[in-house]
1. What are the pairs, 6+ residues apart or on separate chains, where a residue within segment 140-162 that is farther than 30 Å from Met114 by Cβ has its Cβ under 8 Å from a residue that is open to solvent by 70 Å² or more (accessible area, probe 1.4 Å) and part of a strand (DSSP E or B)?
2. Can you find even one residue in segment 183-199 that is open to solvent by 20 Å² or more (accessible area, probe 1.4 Å), among the acidic types (Asp, Glu) and part of a strand (DSSP E or B)?
3. Identify the residue in segment 216-237 that is more than 25 Å from Tyr34 (Cβ to Cβ) and part of a strand (DSSP E or B) and, among all such residues, is modelled with the highest pLDDT.
4. Can you list residue pairs whose Cβ atoms sit under 6 Å apart, with the first residue in segment 235-264 being closer than 19 Å to Asp214 by Cβ and of a type in the set (Gly, Ala, Ser) and the second being modelled with pLDDT of 95 or more and in a strand (DSSP E or B)? Count only pairs 6 or more apart in sequence or on different chains.
5. For segment 163-176, what are the residues that are open to solvent by 40 Å² or more (accessible area, probe 1.4 Å) and not in a loop (DSSP other than H, G, I, E, B)?
6. Residues in segment 112-134 that are within 30 Å of Gly95 (Cα to Cα) and more than 14 Å from the chain's Cα centre (by Cα): how many?
7. Counting just the residues of segment 203-215 that are open to solvent by 40 Å² or more (accessible area, probe 1.4 Å) and assigned to a strand (DSSP E or B), which one comes out farthest from Ile97 (Cα to Cα)?
8. Only one of (1) on the phi < 0 side of the Ramachandran plot; (2) more than 21 Å from the chain's Cα centre (by Cα) is not met by Gly234, so which one is it?
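The values are calculated or read from the model by the stated rules, or taken from the named source; none is laboratory data. As the structure is a computational prediction, the values presented were derived from the model and not from experiment. Here Cβ is always computed from backbone atoms with ideal geometry, including for glycine, and neighbour counts include all displayed protein chains. These area figures cover heavy atoms from the full protein model, side chains too; ligands, DNA and RNA do not enter into them. Shrake-Rupley method; radii C 1.70, N 1.55, O 1.52, S 1.80 Å.
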Amino acid sequence: MKIHKLIFALLLLFGQMGFGQNNRRNTDNNIGWYNVFGTFKINEKIGIHSEFQWRRNDFITESQQNLLRLGVNYQLTPRVLFRVGYGLIETYPYGEIPLNGLGRDFTEHRIFQMVQLSQKEGKVDISHRFMLEQRFVGRYSSPAETKEDQFPLLNRARYMVRLQMPLKGEEIKDKTPYVALYDEVMIGFGENVNANVFDQNRIGLLIGYRLNKDFRLEAGYINQTLQYGRLVGGQNVFQNNNGIIINALFNIDLSQNTPQNKPQ
């Protein structure tokens with residue numbers, strides 16, 4: 001387990017490396033993220049991924065962001081999963097300093113590619129998720145525009161490590177509570193990287209319950225550290241968002257309904 005402790009230490013260090021600057025401004029928000037994930041298994045290799053994330057500020061009263069993501073899964077082996085897909089994101093002007101310089105909401109169209117590697121160390125399930133995103137983020141070329149008229153391409157790389165273990169027994173199976181810890185760092189790169197390379201870091205601590213192979217429920221704490229892609233008054237701006245996260249996860253096996261699997 002030493003290697004995984006090292007990974008967490010490096011992620012946390014990287015996520016905080018910009019915080020030693022004096023030329024920065026910090027803001028704080030209380031957030032609530034309420035998410036539904038659905039996986040539809042077509043056959044042993046192919047599946048459909050879907051998710052909707054309803055992200056709120058002041059825990060629930062103010063809009064922060066809505067995210068819809070769809071993808072196609074390819075299960076290369078039981079431990080290696082590939083996914084490609086599309087995301088539609090709407091971000092709202094929340095908090096002390098809106099993300100958009102004009103204080104408006106904006107739309108993002110996102111294409112992504114992902115590989116997830118899974119392993120088991122004793123009772124602990126470990127996953128490593130590597131993701132590339134091509135983000136077409138809406139901008140207003142002038143205050144006179146009423147809708148985004150520019151969608152420049154922003155590239156982002158993401159890495160998440162997640163550890164989870166059962167709170168009883170040796171493995172997570174039906175009617176098993178479990179605990180999960182994850183950390184994810186996001187880094188911008190490419191021509192339109194904006195003012196900063198570091199984009200976000202997220203840390204989550206969850207308590208989950210697997211009812212059966214088709215449904216899991218998770219709830220817990222999330223911290224989101226976000227650095228703006230622009231300077232405000234000549235300063236780097238960091239959001240430090242703390243709050244609650246609730247995940248409902250469904251797994252639906254459509255392969256059982258194919259003609260060859262129907263009883264004769």
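1. Tyr140/Gln150; Ser141/Gln150; Asp149/Arg139
2. Yes: one or more hits.
3. Initially, segment 216-237 is screened for residues more than 25 Å from Tyr34 (Cβ to Cβ), giving 229-237.
Next cut, part of a strand (DSSP E or B) only: 232, 235-237.
Details: Val232: 90, Gln235: 90, Asn236: 91, Val237: 94.
Selected residue: Val237.
4. Between residues of segment 235-264 that are closer than 19 Å to Asp214 by Cβ and of a type in the set (Gly, Ala, Ser) and residues that are modelled with pLDDT of 95 or more and in a strand (DSSP E or B), the close pairs are Ala248/Val36; Ala248/Leu217; Ser255/Lys41.
5. Met165
6. Matching residues across segment 112-134 total 1.
7. This residue is Asn212.
8. Every listed condition holds for Gly234 apart from (1).
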